[in-house]
Each structure stands twice: as structure tokens, then as C-alpha cells.
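Structure record follows, encoded as C-alpha cells.
The values are calculated or read from the model by the stated rules, or taken from the named source; none is laboratory data. On a predicted model such as this, the values are computed, not experimentally measured, just so you know. A quick note on method: Cβ atoms are made from the backbone with ideal geometry, for glycine too, and the neighbour counts reach across all protein chains shown.
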Amino acid sequence: MKLTISSWIEKYRVILANAGSLVGSTAITSGLGFIYWWLAARQFPPEAVGLGSAAISAMMFLGNVSVLGFGTLLIGELPRQPGREGSLISTALFLVGMTGGTLGLFFALVAPWVSADLWVLAENIGNTSLFALGVSLTAVTLVTDQAMVGLLRSDLQLGRNTIFAMTKLIALIIVGLWMTQKLGLSIYATWLGGNIASLAILAGYGAWKNNNKAHSYKPKWNLLHKLGSTALGHHVLNLTLQASGLLMPIIVTAVLSARMNAYFYTSWMIASFATVVSVALTTVLYAVGSADPAALATKIRLTLRLSVLAGVLTSIALLVGADFVLGLFKPAYAGQAGLSLRILGLAVFPLIAKNHFVVIRRIHNQIISTAWWMMAGGVLELTLAATGARLGGLAGLSLGWVAAMCIEALFMVRTIYQVAMPAPLSNSLPAVPSS
């Protein structure tokens, strides 16, 4: 039995080791993030937490829009561009930074029409500039992190995110203790400070390691000229996958209120921990499956089993401990969002199907067609969530979103099953079931 276990571990060593590393990295940043929002809930009124989290969600959404697919592109292209890595990275960072600043400025100006609670973003030029700069730096950090993966220096990515998480936490403590007015934009500003500090330290490290090589980081637009269509494909798919999750807090703020979004955002953040194992496993599955498509069936059966096992354990933990975990923030959080968190925890199972379905489609280079499916699914998620919020508050919103996820999963299960359990002498990818 001992030999069998060791042989099994050795057989899947690459998947297990890499997925374990990703989970560990997520655990560090998520753990500090949990402490951050716990302190925010203790030091700031719910209205300020709700406004701050809504502004941060908008910043993250616009930052992801501004990436333009270059993050995912760099992961694949940097190993194929020896000697040009610095120029390719600097060109991409300049482009996404300018795009992010422009989109952030535009959103801040129209924010009062999105929600009355967001009027503060357009109140004065200082607030508007603060928000625009935050979006710009978010886009830069997203691409920087993925570029580090492309350079096989994920340790630098982990280091930057750790510095970011620690800096914003320290800044929040200082703001909470010294500021008499507890404002939502103060919470937003701590994220901006964390990004500035982490990027500055990473840039300093890069300059030290590459002394007298500043010319290698000069932007060269011709390097990206032939990669635009590929980047666009990655961008469309990545954006459709992220959009509904990033827009949910904004939906809550607009349909319900900033106060209710404080409760929802906390439960949403906690529920997202349940998907960490599945996301890590499917990320590694994409890498190893692309390298060895013939062994995809065996590997996907492993990731499915481990994802379901982790999903069962985490969903049970949330069902039992939702009130306790939310109560660590404030008793009102448990009373307002306890049921919502329990419902959101059940989404781990349709998300397992969604994560595996997307990986299968990526491996078979069906990116654009998959993006259309994810876009339709995102519209369904936001529609049912908004409808549920109007009918049943936070619990209704959570139930509507999970119901949409289950409907999507029904259309994906057949494809996953046929890839995981292929028919003899058949290696073709099954078509997406039509509706």
C-alpha cells in the first residue's frame, strides 16, 4: 500500500507540486486580505466599507479590461523572445497603464449615474485622479505578475503580492487610528499605496539585478504588432470569465445599497476561498495538458476528483461555520449575510465544471467560441442575481447567481465527461451542446 501511494504521488508529482505551490501563494495573500477586511469592518462604518469595496471592485474590473490580453500573452511569448523580454514587458506595461488611466478617468466622471453612492469619485479632481491612478496601476500589476510567470520567476510575483498585501494592511491600520473621518476612499487609497510600494520595490530589484542594461527595457512597439490578434483572443475570454464576479459588488450597491454591499462583499470574499483548490488544479492542468494532450483524460480525472473532494469539505465548513466566520467581522455581518454565504459556498460545484470546461477549450485552441459562451453565461449570472436581489435581498441575489451557475454547468458536463472518459479510438473534442 505504501508503494502504491508513493507511485501515485510520483505519477502526478508535477500537478500536485505546482497546484500546491499556487494554493500556498493564494493562501498567503488571501489570509492577509482576510485580516485587512476584518480590520476595515472593525474600524470603519458599513457605509465606508461598502463604498470602498465597490470602488475597489470597479478598479479591479476596469484594470482587467485594460490588460487587453497582454498578461496571458506574455506568459506564452516571453520564453519565445530571448533577449527581448525587457522591451516586450515595458511596451505592454506602458500600453495597459495608459489604457487603465483613461478608463478610470471616464468611469469616475460617469460614476454618479451608475450609483448615487459613487458620486464621491467625481466630487473633485483629487478623487477622480486618485481613482484613475488606481485603475492604471492595477492594470500594470496584473500584467507584471503574469510576466513574472512567463519568465519563470513566480517567486517575484509572490514577493510583490506579499509586499502589496502587507503595505495596504499597515496603511489601513494607520488610517483607521489617525483619521477622524472614516471615508470609503481612504480604504481605496490603501490599495493604491500597496501597489505603488510593491511595484517600486520590484523595479528597484530589477534595476539592481540588471545594472547597466536599461536599454533592454526600452519599449519597442513593433514587437507587439504581430501579436495583437492573439492578445485580443486571450483578452476577450479572460474578460468574459472575470466580468460577472467583478461586477457583482457594483450590482449590489446599485440595486440594494453600499451598506448591504459591505455585508455581501465580505461573504463573497470568504466564499471565494472554496474555489482556490479547483482554480489551482485547473491552472496546472492547462499547462500540462497543453504539453501532453494524449494524457489529458487521465489528468483531468485526477483534478476532478481532487476538486470535488475539496469542494465538499469547504462547502460543509461554510454551511456549519458561516455565522462564526462572519461574526469575526461584526455581529451584524453574520445576521445580514449568513444565509448568503451558505448559498454562495454551494457554487463551488458548478464552478468546478466551468473551470474544467474552459481548460478543455483552451487546450483545443477554441478561445473565441468559448468566450461567446462565457459572455452569455455572465449575462445570465448578472440577470438572475439582480432579479434575486430585488425579490429577496442578499439571499435572493446569491440564490439567483448560484442558479445561473448551475444552468451553465448543465451545458458543460457532457463535454467534460467525454474528454475525461473518451470512447475507444476517439480523440476528437466533442462539440459544445447546443441550446
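General remarks:
Here is a yes/no grid of residues against (1) modelled with pLDDT of 95 or more; (2) among the basic types (Lys, Arg):
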{"residue": "VAL358", "(1), (2)": "no, no"}
{"residue": "ARG361", "(1), (2)": "no, yes"}
{"residue": "LEU382", "(1), (2)": "no, no"}
{"residue": "ALA385", "(1), (2)": "no, no"}
{"residue": "SER398", "(1), (2)": "no, no"}
{"residue": "ILE407", "(1), (2)": "yes, no"}
{"residue": "PRO422", "(1), (2)": "no, no"}
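- Flag for ALA271 being of a type in the set (A, V, I, L, M) and either over 16 Å from the mean Cα position of the chain (by Cα) or at pLDDT below 80 (or both): no
- Being surrounded by fewer than 20 Cβ atoms within 10 Å (Cβ to Cβ) and under 26 Å from ILE35 (Cβ atoms) holds for only one residue in ILE125, ILE174, and it is ILE174.
- Residue, farthest from PRO46 (Cα to Cα), within the range 69-114, restricted to residues that are surrounded by fewer than 21 Cβ atoms within 10 Å (Cβ to Cβ) and hydroxyl-bearing (Ser, Thr, Tyr): SER87
- Yes/no for SER30 being touching a helix residue (DSSP H, G or I) at 6+ places or on another chain (Cβ under 8 Å) and more than 23 Å from ASN127 (Cβ to Cβ): yes
- Residue within the range 76-90 that is under 30 Å from ARG259 (Cα atoms), touching a Ser or Thr at 6+ places or on another chain (Cβ under 7 Å) and at pLDDT 70 or above present: no
- Counting the residues of the range 86-142 that are within 18 Å of MET60 (Cβ to Cβ), of a type in the set (Ser, Thr, Tyr) and in contact (Cβ under 8 Å) with a residue 40 or more places away in the chain gives 5.
- Checklist (1) touching a helix residue (DSSP H, G or I) at 6+ places or on another chain (Cβ under 9 Å); (2) at pLDDT 90 or above applied to TYR417, failing item: (1)
- Output for the range 339-370, where each listed residue is closer than 17 Å to VAL236 by Cα, buried (at least 21 other Cβ atoms within 10 Å of the Cβ) and not β-branched (Val, Ile, Thr): LYS354, ASN355, PHE357, ARG361
- Residue within the range 360-379 that is within 22 Å of PRO249 (Cα to Cα) and of a type in the set (Lys, Arg) present: no
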